[in-house]
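Following: one structure in structure tokens, then a few remarks.
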Amino acid sequence: MIGVFDSGLGGLTVASEIFRQLPGRRVVYFGDIARTPYGTKSRDLVRRYAQQDAEFLLSKGAKIIVVACNTVSAHGVEMLRQNFDIPIFEVVMPAVRRAASVTRGRVGVIGTRGTISSGIYERKMLQLSPQVRINSVACPLFVPLVEEGWIGHSETLSIAKEYLHPLRLARIDTLILGCTHYPFLRSVIRQAIGGQVKLVDPAQDTVAELVDYLAHNPGLDAAVRTPGQHEFYVSDRTEHFVEMAKEWLGTEVVVQAATAG
Ligand code: DGL
């Protein structure tokens with residue numbers, strides 16, 4: 001199975017991209033709802049949670065892990081790669097590669113406080129394309145707005161305009177949606193930042209890398225094609241997750257309660 005974990009619901013954006021780009025493969029998903037959000041927590045705590053989340057997925061038979069959460073990708077992927085002997089995919093580098101390939105030189109990044117203050121996007125872009133200028137902004141209100149379903153509310157657009165104002169002033173031409181939840185705000189963000197700015201959704205390029213990896217590793221591809229239903233686990237009340245999964249994935253899923261760590 002392909003293991004996917006996130007601090008909660010948001011990683012469903014990555015799971016749905018796997019269903020779209022890799023039909024026939026089986027996914028085991030863990031959403032750490034009990035301890036969400038990760039975006040406001042310290043690096044050490046996020047790492048500890050990430051270790052436990054990955055251990056949980058391994059115990060369920062994951063042969064590959066996709067870290068859907070940007071905050072974990074920012075703080076804990078190197079640690080996970082040292083501690084686990086299976087392929088680990090993350091969402092930052094694929095987004096940086098995509099942004100570097102489409103930008104004319106000015107990239108914006110939005111994410112949680114944890115992701116933005118880690119400086120990961122700037123560091124990775126500097127290594128890849130030192131001439132690209134990056135401006136980043138934390139947008140902590142976006143996650144609760146998405147989870148409350150406030151996507152079409154005028155208040156959400158006002159908040160987006162305020163958050164994105166510095167990026168408009170910086171005249172960015174490309175914007176990385178550096179958080180699991182932000183693809184749901186795509187149309188609001190587009191309105192707030194302007195129609196010409198290219199939006200990069202890390203989930204799409206992360207899964208595209210996974211597609212490529214599996215094409216070169218047929219044994220592993222066969223191992224994640226096991227028959228059966230996808231499995232979804234969350235670490236606290238399942239009802240909200242079931243509702244959101246139905247809306248976001250367009251299908252009913254069975255969700256089980258579980259704890260990591
Ligand atoms: N999954 C987190 C991320 O992508 C957003 C939610 C949270 O803060 O836990 O950074």
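Any read-out appearing in this document is the output of simple, stated calculations on the displayed coordinates, not a laboratory observation. Because the structure is a prediction, the values reported are computed rather than measured. With ideal geometry, Cβ positions are generated from the backbone for all residues, glycine too; neighbour counts draw on all protein chains shown.
How high is the relative contact order of region 1-87, in percent, counting Cα pairs under 8 Å that sit 6 or more residues apart?
Computed over region 1-87, the figure is 40 percent.
Given H placed 1.01 Å from N in the peptide plane, which residues other than close sequence neighbours of A258 have an amide H under 5 Å from its amide H?
V234, S235, D236
For a quick check: sort H181, H230 by the number of other beta carbons within 10 angstrom, fewest at the front.
Fewest to most other Cβ atoms nearby, the residues stand as H230, H181.
Counting each DSSP H run of 4 or more residues in the chain as -39500 (n - 2.57), what helix-only mean residue ellipticity at 222 nm follows after dividing by all residues, to the nearest 500 deg cm²/dmol?
After summing the helix terms and dividing by residue count, I get -15000 deg cm²/dmol.
Based on the Cβ-Cβ distance of R225 and R186, what FRET efficiency does E = 1/(1 + (r/R0)^6) give at R0 = 22 Å, to the nearest 0.05?
Once rounded, the FRET efficiency stands at 0.10.
PRE reach from L45 (point 7 Å along Cα→Cβ): which of region 242-261 fall under 17 Å by backbone N?
It comes to 260-261, nothing else.
Just grab the label-to-label distance for Q127 and S154, each label 7 Å out from Cα along the Cβ direction, in nm (one decimal).
That separation, rounded to one decimal, is 4.6 nm.
Spelling out what I want: for every residue of region 167-184, take phi, set θ = phi - 60°, compute 6.51 cos²θ - 1.76 cosθ + 1.60 (Karplus), and round to whole Hz; glycine and proline get x.
6, 5, 4, 7, 6, 5, 10, 9, 10, 8, 8, x, 7, 3, 7, 5, x, 5
Tell me the relative contact order for region 67-176 as a rounded percent, counting alpha carbon contacts under 8 Å between residues six or more apart.
32
What does the C-alpha gyration tensor say about the overall shape of region 1-64? Classify as rounded when a/c is under 1.5, otherwise prolate if a/b is larger than b/c, or oblate.
In terms of gyration-tensor shape, oblate.
What residue among R20, R190, R98 shows peak mean-square fluctuation when the chain is described by a Gaussian network model with Cα springs under 10 Å?
Sorting by GNM fluctuation, first place goes to R20.
For the chain, what relative contact order do you get, as a whole percent, if you take Cα pairs closer than 8 Å and at least 6 residues apart?
Computed over the chain, the figure is 26 percent.
Could you tell me the center-to-center distance, by alpha carbons, between region 212-247 and region 69-134 in angstrom?
Measuring centre to centre over Cα atoms gives 24 Å.
With respect to the cross-link table entries K124/K246; K41/K124; K124/K161; K60/K124, which display a Cα-Cα separation exceeding 29 Å?
K124/K246; K60/K124
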